[in-house]
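Computed from the coordinates by the stated procedures, all read-outs in this text should not be read as laboratory data. None of these values were measured; they are calculated from a predicted model. Here Cβ is always computed from backbone atoms with ideal geometry, including for glycine, and neighbour counts include all displayed protein chains.
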Amino acid sequence: MLNLAQVADLLATSKPTVRRLIDTQSLRAVKLGRQWRVARDDLRTYLLTPSDLEDIDAAEDTETD
């Protein structure tokens, strides 16, 4: 789990921008006490476009055939 400062560093943006992404539900996060945490998989999902996700799903489907 990453804190807001870590996510901001990875995205090369500010903590308030990361908070806006969380508030608009563009980036999934959980609140633990008074701190927000973002799972690495949720950050990866945010970074991938929908077409990228479809390509990954298609590749996984062909691997299982």
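Annotation: extensible slack from Ala12 through Arg28 equals 4.0 nm (criterion: 0.36 nm per residue apart, minus Cα-Cα distance). Take each peptide in 29-36, 13-20, count the other Cβ atoms within 10 Å of every residue, and average; sorted highest first, the result is 13-20, 29-36.
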